[in-house]
Amino acid sequence: MSPTLFTPFTLASGQTLRNRIAKAAMEEGLAGPGQAPDDRLIALYHRWGVGGAGVLITGNVMVHAEALTGPGGVVLDANSPLEPFVKWAKAGKAGGTKMWMQISHPGRQVNANMPGVVWGPSDVAVDVGKHSKRFGRPSAMTPQQIGATIQRFVTTAARAEEAGFDGVEVHAAHGYLLSQFLSPLVNTRTDEWGGSLENRARLLLEIVRQIRLAVSPEFAVAVKLNSADFQRGGFDADDALRVIEMLAPLGVDVVELSGGSYESPAMTGRAADSRTAAREAYFLELAAELAKTSPIPLMLTGGITRQDTANTLLANGIDIVGMGTAIAVTPDLPNRWSRGEEATRRLKPVTWSDKTLASAASMALVRYQMRQITQGLEPTARAHPLYALIVDQRVQRKALARYRKWLPTQPSDLKSPIALEDHR
């Protein structure tokens with residue numbers, strides 16, 4: 001008998017999820033003072049924690065204080081106070097849900113107005129046409145910086161376990177640093193970290209290997225991986241399968257499949273690729289093919305809002321159904337599904353012709369819903385995307401001012417001549 005959405009799922013580590021529904025990672029932009037979680041994130045995750053999901057995966061937590069996707073990003077490094085993270089983990093687990101921390105480094109996908117560093121495998125800049133100047137100019141990482149980055153991921157994972165999280169998800173998708181190393185379009189290195197797929201995957205594999213050695217056996221270790229970058233000549237589904245096979249011996253519990261990057265934002269349903277044309281389950285066709293031979297259980301995220309779509313994923317060999325926007329708009333959606341009910345509200349897709357702005361507005365709309373929840377209000381599907389984008393920019397300006405004051409108080413890599421280079 002095939003599993004249902006509410007069949008428990010036991011991972012290779014021995015951890016059991018109470019059902020097959022995951023709240024997927026969404027960048028909240030809600031870091032408080034010191035880039036730590038505060039009452040807003042605690043309230044948000046408590047609401048999701050009692051909503052019925054099997055596991056909550058946080059928005060990406062930064063492993064490097066000088067490299068953030070945005071000024072409201074949470075940082076957990078060797079210097080971070082642990083108590084705010086203890087409270088965050090407890091909030092998410094309040095209803096019996098598992099709580100995993102997504103850990104990430106943005107690499108070259110850093111706004112030009114951000115202080116700190118912009119690193120990549122090579123000095124290939126983000127190309128989003130007329131919006132390209134919004135991103136910093138990257139410097140190719142030195143072997144020493146690569147080594148330090150591996151240790152940062154390990155440190156963050158170990159401290160997440162210490163804080164009470166049940167697992168981590170290493171973010172190697174959406175064009176962030178580990179995804180950049182995997183991409184032959186971005187990684188043009190000729191040393192051991194570039195060239196063949198085995199070399200391009202080396203950074204991800206070494207991070208996962210060392211995390212698994214640093215945490216306890218029952219602590220979950222997941223990886224978020226693009227099923228494809230949706231760019232000609234980039235990382236594709238065949239590459240994804242080979243990387244999954246490389247990860248299999250390292251004790252990875254789940255691989256979450258998504259797709260795209262800032263240059264081709266398929267994760268918001270806007271890639272110029274026929275395989276993302278469906279309004280729901282953007283990456284199902286690719287994921288179903290990968291599921292046929294994957295040695296690791298798969299989770300799929302991207303545009304899923306209805307229970308029959310979720311059941312279709314299970315029927316196609318996917319083990320865990322990940323939802324982001326749908327749970328931002330309906331925090332108790334898993335509980336509703338268990339009663340045979342559906343969501344009463346949905347966000348309309350942003351269909352602006354400028355796909356970069358459309359992607360930004362889509363993410364702003366989701367963050368608008370999250371801020372509603374933190375204030376004890378109900379999410380609303382009525383917010384106009386332009387209004388949400390303007391509000392989001394105001395919030396980010398305030399967060400940037402606070403981050404600019406905080407960053408100089410932290411131990412720094414900025415003494416490096418490469419890091420000192422003006423990247424704006």
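The values are calculated or read from the model by the stated rules, or taken from the named source; none is laboratory data. For clarity, every value in this text was computed on a predicted model and none was experimentally measured. Methodologically, a virtual Cβ is constructed for each residue, glycine included, from the backbone with ideal geometry; neighbour enumeration extends over all protein chains shown. Remember, those area values only see protein heavy atoms, side chains included, never the ligands or the DNA or RNA. Shrake-Rupley method; radii C 1.70, N 1.55, O 1.52, S 1.80 Å.
If we scan region 92-101, do we find a residue that is within 24 Å of D236 (Cα to Cα) and hydrophobic (A, V, I, L, M, F, W, C)? There is no residue in region 92-101 that is within 24 Å of D236 (Cα to Cα) and hydrophobic (A, V, I, L, M, F, W, C). Hey, among the residues in region 78-93 that are farther than 21 Å from V221 by Cα and part of a loop (DSSP other than H, G, I, E, B), which one's least open to solvent (accessible area, probe 1.4 Å)? It comes out as S80. Screening T356 on (1) part of a helix (DSSP H, G or I); (2) modelled with pLDDT of 90 or more shows it passes everything except condition (2).
Looking across region 1-46, the residues that are of a type in the set (V, I, T) and touching a residue at least 40 places away in the same chain (Cβ under 8 Å) come down to T4, I21, I42. Filtered by the rule that a residue be at pLDDT below 95 and out of contact with any helix residue (DSSP H, G or I) (no Cβ under 7 Å at 6 or more places or on another chain), region 61-95 gives a lone residue, T69.
One residue stands out among those in region 126-150 that are without any contact (Cβ under 8 Å) to a residue 12 or more places away in the chain and within 22 Å of I211 (Cβ to Cβ): the one that is surrounded by the most Cβ atoms within 10 Å (Cβ to Cβ), which is G147. Reported count of residues in region 189-224, each being of a type in the set (V, I, T) and out of contact with any strand residue (DSSP E or B) (no Cβ under 9 Å at 6 or more places or on another chain), is 1. Of the residues examined, R202 is not one that is free of Cβ contacts under 8 Å to residues at least 40 places away in the same chain and closer than 26 Å to A24 by Cβ.
Can you name the residue in region 1-22 that is at pLDDT 95 or above and among the hydrophobic types (A, V, I, L, M, F, W, C) and, of all such residues, is most open to solvent (accessible area, probe 1.4 Å)? Filtering first and then ranking leaves A12. Among the conditions (1) over 23 Å from Y368 (Cα atoms); (2) open to solvent by 10 Å² or more (accessible area, probe 1.4 Å), N111 misses just one, which is (1). For the condition assigned to a strand (DSSP E or B) and either in contact (Cβ under 8 Å) with a residue 24 or more places away in the chain or surrounded by 21 or more Cβ atoms within 10 Å (Cβ to Cβ) (or both), A65 does not qualify. Being open to solvent by less than 30 Å² (accessible area, probe 1.4 Å), within 24 Å of D38 (Cα to Cα) and touching a Gly at 6+ places or on another chain (Cβ under 6 Å) holds for only one residue in P379, P331, and it is P331. Number of residues in region 105-156 that are of a type in the set (A, V, I, L, M) and assigned to a loop (DSSP other than H, G, I, E, B) equals 10.
The set of residues in region 23-36 that are more than 16 Å from the chain's Cα centre (by Cα) and open to solvent by less than 10 Å² (accessible area, probe 1.4 Å) comprises G32, Q35, A36.
Residue by residue, here is whether (1) touching a helix residue (DSSP H, G or I) at 6+ places or on another chain (Cβ under 7 Å); (2) open to solvent by less than 30 Å² (accessible area, probe 1.4 Å); (3) assigned to a helix (DSSP H, G or I) holds:
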{"residue": "E341", "(1), (2), (3)": "no, no, no"}
{"residue": "R346", "(1), (2), (3)": "yes, no, no"}
{"residue": "I390", "(1), (2), (3)": "no, no, yes"}
{"residue": "P411", "(1), (2), (3)": "no, no, no"}
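Being within 30 Å of A358 (Cα to Cα), part of a helix (DSSP H, G or I), in contact (Cβ under 8 Å) with a residue 40 or more places away in the chain and open to solvent by less than 10 Å² (accessible area, probe 1.4 Å), is that true of even one residue in region 182-198?
yes
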